[in-house]
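Reviewing the structure listed below.
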Amino acid sequence: MAVLRLVGSVGAGGVLYLTPMVFHQEAFSATNVTQGLALAALAGTVGRFLCGLLLDRGLNCSLPVLLAALLSLGADATLFNAREFPGYLLGQLMLGIAMGFYWPAIELAVPLSCARGPAPIPSARGFALVRSADATGIAAGALLGAALAALGRLRGVYLLDILCLSAMVVLLLLRPLPDPHRRQASAEARRWGPWLRELLPVLAIALLATSLPALMQSALPLDLVRGGLRRGALPDSLGALLIGLQLGLLVLIQWPLGQALARRPVAVGLGLSLVSFAFGTALLSFSALLVGGVWVVVLAQLPLAMGQAAFLPIATEAVIEISPEEHQGVAMALFSQCFAISALIAPLLAGMALEGQGHGASLWLVMAALCVAGLLLVRRIRPRNRQGGDQLRSA
């Protein structure tokens, strides 16, 4: 599972983080670029929910992932050749549908894989491991994209993704992902109301926290290459390198931080994530006020990386702990929808803010305030059980 996600993330790192720069070079406006990203997010919403329903009915996790890989191959080919807005939109549409099928299946496969074999491991550790693989792959892909930008071959990120997706297909065919559990749900388990109410605080936090990676992929690259109030505009290659720095830090801290938080209640990890995001975005806002603000942007990458490292595995584990096993496919789809909704709304608002004000200072300051307010939701999280660890203690 970790190898599969590592390979896929290498290609995705360049595509997700550097596509705004590719089409900035084609003289697309910030609004045009973020409209494409929002369309991709909107296209993924239907696919996520459909995938979750099918997983709860026993569909093998490999099938949605294979379909996602094939759609992504088509998206890469379209974006590689796109020079006009309609071609860009078509590529983003295909990419969004692919992500809609990919995420619920690949996330649900983690606890299923952790339960296999003679020595099962707690799913929290499994999520820490695969998120480390994600972070390593995305950082490598973004850094390769930065190298391509320096060589004037930034569109090569799509060729890199095609290569990685082809390798993913081979890996899936050689070793399919596990089947979801097929259990006859009890009358109580068939009711969605109780577990959905318990899941709502996590979903609300996820809507806020997932907007930050969406803004790192859309607004931050544009903010860097356009400049702040006093901070000068950066070259495309240097902007890509700064984004790669955050991803590199994420690689270094994802595993140790994820492992440490896996031994603690999920509320601890989610609270740390929001505090880190608030500090990082406040620094981004402050950087726009300084001539040498690029160094403040560099400093902000550490708390932003900590926020992602704490949120990604712990929030997914919280969904598994709160939702009943019979509905974990739908629960994972709802959690994945938070990424889609944030990716739909956040880039659009960010694009309008950048176009209207010419800088991102206000945008980052608002995000810092929202992250602080989100701490109120952390206290309302009530997991059903601590998987693995609590089971061992009760035994």
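The values are calculated or read from the model by the stated rules, or taken from the named source; none is laboratory data. Since we're looking at a predicted model, the values are computed, not measured. With ideal geometry, Cβ positions are generated from the backbone for all residues, glycine too; neighbour counts draw on all protein chains shown. Ligands, DNA and RNA are stripped out before the accessible areas are found, and what is left, the full protein with its side chains, is counted by its heavy atoms. Shrake-Rupley method; radii C 1.70, N 1.55, O 1.52, S 1.80 Å.
Hey, any idea what % of the chain's accessible area is carbon plus sulfur with a 1.4 Å probe? It is 68 percent, rounded to a whole number. Protection proxy ranking of 311-321, 259-269, by the mean of other Cβ atoms within 10 Å over each peptide's residues and highest first, is 311-321, 259-269. For the chain, the residue among LEU93, LEU377, TYR158 whose Cα projects farthest onto the positive side of the dipole built from Cβ charges is LEU377. Heavy atoms of the protein chains alone define the surface here; on that basis the chain has 40 Å² accessible area per residue at 1.4 Å probe size.
Summarising the amide proton neighbourhood of ARG264: residues at separation of 5 or more, or on other chains, whose placed amide H is nearer than 5 Å comprise an empty set. The 1.4 Å probe gives accessible areas that order HIS24, HIS327, largest first, as HIS24, HIS327. Based on Cα contacts under 8 Å between residues 6+ apart, the chain shows a relative contact order of 27 percent.
For a test of the definition: using alpha carbon positions, the gyration tensor, and the 1.5 limit on a/c, classify segment 272-395 as rounded, prolate or oblate. In terms of gyration-tensor shape, prolate. With a 1.4 Å probe rolled over the protein heavy atoms of all chains, the accessible area of LEU50, LEU376 falls in the order LEU376, LEU50, largest first.
For the chain, a crude dipole built from +1 on the beta carbon of Lys and Arg and -1 on the beta carbon of Asp and Glu, taken about the Cα centre, is about 820 debye to the nearest 20.
When the P(r) of the chain is calculated, the portion above 35 Å amounts to 21% of the C-alpha pairs. At the residue level, MET21 shows approximately 0 square angstrom of accessible surface with a 1.4 angstrom probe and all protein chains present. Helices in the chain that qualify as membrane-span-like (whole DSSP H runs, Cα extent of at least 24 Å along the helix axis, mean Kyte-Doolittle hydropathy of -1.0 or higher) are 2-24, 30-56, 62-81, 85-114, 123-150, 156-174, 193-217, 236-262, 266-287, 294-322, 328-357. When peptides 289-298, 139-148 are ranked by their average number of other Cβ atoms within 10 Å per residue, the highest-first order is 139-148, 289-298.
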